[in-house]
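Bear in mind these aren't lab numbers, they're just calculated from the coordinates by the rules spelled out. Owing to the predicted nature of the structure, the values given are computational and were not obtained by experimental measurement. Backbone-built Cβ (ideal geometry, glycine too); neighbour counts: all protein chains shown.
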Amino acid sequence: MGILIWILFGALVGYIASLIMKTDGGLLPNILIGIVGAVIGGIIMKFFGQSGVQGFNLYSTVVAVLGACILIGIVRSVGRA
């Protein structure tokens, strides 16, 4: 994927994850959360023998949202400690 697609994908995924996890960050944090979440989701899926994020499609979006929600949960738990 090109850099522009990663930014758009990250923004979409970050926004969806922020709605699910009930956080309010803004555009730049949503983009970062979405991109890092896609990487985390891809690593998790490869661990289970599935493909990771492979484009701008529904499967990749679900994988990336899963990773982004995990990232938000980790940040919340570390922030409380």
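Miscellaneous remarks
- Taking all Cα pairs closer than 8 Å and separated by 6 or more residues, the relative contact order of the chain comes to 32 percent.
- Net charge of Cβ neighbours under 15 Å - reference GLY73; Lys, Arg +1; Asp, Glu -1: +3
- Rounded, prolate or oblate (a/c below 1.5 giving rounded, otherwise prolate when a/b exceeds b/c) for the chain by Cα gyration tensor: oblate
- GNM result for the chain, Cα springs below 10 Å: residue of ILE43, ILE20, ILE70 fluctuating most strongly: ILE20
- Using just its DSSP H runs of length 4 or more, each adding -39500 (n - 2.57), the chain gives a mean residue ellipticity at 222 nm of -27000 deg cm²/dmol after division by all residues.
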